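The values are calculated or read from the model by the stated rules, or taken from the named source; none is laboratory data. Remember, it's a predicted structure, so these values are computed and weren't measured experimentally. Ideal geometry is used to build each Cβ from the backbone, glycine not excepted, and the neighbour counts take in all protein chains shown.
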Amino acid sequence: MVVIKKQDELVWKKRTTREQWINWFYWLIGISIVLFAWKIISDKTVWFFVQDAPRQAADIGSRMVPPKWSYSLELIKPVWDTINIATLGTVIAMIIAVPVAFCAARNTTPHSTVRIVALFIIVASRSVNSLIWALMLVFILGPGVLAGTVAIGLRSIGFCAKLIYESIEEIDANQVEAVKATGASNLQQMIYGIIPQVLPTIAGVGIYRWDINIRESTILGLVGAGGIGLQLNGSINTLAWTQVSTILLVILATVFVSEWVSAKVRGAII
């Protein structure tokens, strides 16, 4: 018994030592990557500007006070454009994302090839930031609200479709089997067995993405895609810092209201 116990202790010690070496090896790789990235950033950084940054920030902050409250009346239409960009972009995304999600889910896809194409659409949409979509669409469609709306829609397709198709794959198969046992067709199984289970998720994802799109659409104007970002970009370029502070406060208020609305709607739906 003593010999067996000592052998077990030796095996445990060897295993522990091996695991420690593996952990140290992973830590060494991680630290090496961080140091390498820091060297690249350090070589391409003008440290004089970094040292002067606190003084510049304090100077700009003093110029932004007090905000130019009279300028807020001119921001009503840009804010309305921003809300419309987020709303229409979300609607476009959901119209495309729902069928893409059903094609991507393993239990609802008509064919494996269709699933691969759907997953490619999801990855492609999520890989490109909305600001980059807007930058490309401004050159294609011209500057304005339309480019911003399409950019928000293209960016949101992958996000919404991913969450929805994961929800589809996690449905209760017993409900679908019960519908199938009545002699229902594939379409009827979809309508009565699957959609009722994922409908709350679809609604919740749509509201959640709309909330995110409100925030993202505020900066699309920096590349000419409409919304309040146009006024922000113009005020920064003309060094009108009191207008900049007013715009930032209006954006903060808009995001706060959108958060409150989305929370209330999600609470009512889910």
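Here are the numbers for the structure shown:
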read-out	value
Of all residues in the range 218-235 being buried (at least 20 other Cβ atoms within 10 Å of the Cβ) and within 13 Å of G144 (Cβ to Cβ), the one that is farthest from the chain's Cα centre (by Cα)	L230
Matching residues in the range 155-181 - criterion: being among the hydrophobic types (A, V, I, L, M, F, W, C), modelled with pLDDT under 90 and under 20 Å from P99 (Cα atoms)	I168, I171, A173, V176
Selection status of I60, more than 30 Å from R155 (Cα to Cα), among the β-branched types (V, I, T) and assigned to a helix (DSSP H, G or I)	yes
From the options T113, T149, T108, T182, residue that is in the same structural domain as G226 (by TED's automatic domain parsing), surrounded by 18 or more Cβ atoms within 10 Å (Cβ to Cβ) and farther than 21 Å from T82 by Cα	T108
Residue that is nearest to W69 (Cα to Cα), among those in the range 232-261 that are of a type in the set (S, T, Y) and part of a helix (DSSP H, G or I)	T246
Answer residue from the range 110-154, given it is modelled with pLDDT under 90 and aromatic (F, W, Y) and is farthest from the chain's Cα centre (by Cα) among those	F139
